[in-house]
Amino acid sequence: MHTWFITGASRGFGALIVEKALAKGDQVVATARNPKAIVDRFGAHANLLAVALDVTDEAQAHQAVKEAIARFGRIDVLVNNAGYGLLGAVEEASGTEVEALYQTNVFGLLSVTRAVLPHMRRQRSGRILNFSSIGGYRSGSGFGVYCSTKFAVEGLTEALADELKPLGIYPTAIEPGYFRTDFLDSTSLSISPIEIDDYAQTAGAVRSKAREISHNQPGNPDKLAEVVISFVDAKDPPVRLPLGSDTVAAIEAKHASDRELLAQWRQVSASTDFPQAL
């Protein structure tokens, strides 16, 4: 039996993981800004603790973890799922929008992770699943600021993997592509109100495309949740887990592009070293 601590658990991937973990017989600490939404969805359950948590509030993160330990005695799996998107060209995004996005997607993830880690270190075991995105592997028009937060999540996860492996704790960045959730709805996606005509063919086109594909995405969120539930039992887990055929295709395309870049620019890239000592 595992004890899960899941942020952003009232809907989307978070709620599906809660549902499947409970069905498996695991214990779940499900957090959300409004924990009543969790109770309304799942009802009373002996293995479920619904806790209030705004991940941007570091003190509240420590309190939520304290309540989790008091109830279940340990945390085996941390799922940093809370987050949202921002659509708009980089220049169109205001400083306030950028700061708010980083407060949730990056600083919030850090606060919760720092609150949980002392307990996992004491146990000398644990799994940390940081929800990233294919946007954490390659960026693109219209989602530049959002992708930058997920690039940060990837970098933090890779560093944590190095730091924590000797302690028996294994972090992984989960990289979904486009899954049929509410991510492109107003509940999960903020859209910059500023629109600059010069970006009509790039970020502007992405704004239109997002409306078109919302709730028509190729990924099945139920299957993703099933993979996550099974994944926590994997031996020697990878530091990154791409999910979705579109994610696989995007990673392969970036690898090919990077190979071409190195082939074309290798001489220049290698020319910046000091001369080899004889």
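The values are calculated or read from the model by the stated rules, or taken from the named source; none is laboratory data. Keep in mind that what you see is a predicted model, and the values were worked out from it rather than measured. As a convention, Cβ positions derive from the backbone with ideal geometry for all residues, glycine included, and neighbour counts pool all protein chains shown. When the accessible area is computed, the model is the full protein with side chains, heavy atoms only, and any ligands, DNA or RNA have been set aside. Shrake-Rupley method; radii C 1.70, N 1.55, O 1.52, S 1.80 Å.
Couple of notes before you dig in:
- Single residue of the stretch 154-188 satisfying the filter (assigned to a strand (DSSP E or B) and modelled with pLDDT of 95 or more) that is nearest to ASP236 (Cα to Cα): TYR170
- Looking only at the stretch 25-51, and only at residues there that are surrounded by 23 or more Cβ atoms within 10 Å (Cβ to Cβ) and among the β-branched types (Val, Ile, Thr), the one that is nearest to THR3 (Cα to Cα): VAL28
- Flag for LEU22 being surrounded by fewer than 24 Cβ atoms within 10 Å (Cβ to Cβ), in contact with a strand residue (DSSP E or B) (Cβ under 8 Å, 6 or more places away or on another chain) and either in a helix (DSSP H, G or I) or at pLDDT 95 or above (or both): yes
- Tally, over the stretch 135-152, of residues that are free of Cβ contacts under 8 Å to residues at least 60 places away in the same chain and in contact with a strand residue (DSSP E or B) (Cβ under 8 Å, 6 or more places away or on another chain): 2
- Subset of the stretch 1-19 (residues that are farther than 15 Å from VAL77 by Cβ and open to solvent by less than 70 Å² (accessible area, probe 1.4 Å)): SER10, GLY12, ALA15
- Flag if GLU260 is at pLDDT below 95, more than 25 Å from TYR170 (Cβ to Cβ) and loosely packed, with under 13 Cβ neighbours inside 10 Å: no
- Any pair with Cβ under 9 angstrom, 6 or more apart, that starts in the stretch 38-58 at a residue that is among the hydroxyl-bearing types (Ser, Thr, Tyr) and ends at one that is open to solvent by 70 Å² or more (accessible area, probe 1.4 Å) and at pLDDT 95 or above: THR56/GLN103; THR56/PHE107
- Selection status of ALA9, under 16 Å from the mean Cα position of the chain (by Cα), farther than 15 Å from GLU226 by Cα and touching a residue at least 12 places away in the same chain (Cβ under 8 Å): yes
- Evaluation of ALA64 against (1) in contact (Cβ under 8 Å) with a residue 12 or more places away in the chain; (2) open to solvent by 20 Å² or more (accessible area, probe 1.4 Å); (3) not in a loop (DSSP other than H, G, I, E, B) (one fails), failing number: (2)
- Only residues that are assigned to a loop (DSSP other than H, G, I, E, B) and in contact with a Leu (Cβ under 8 Å, 6 or more places away or on another chain) were counted across the stretch 45-61, and they come to 3.
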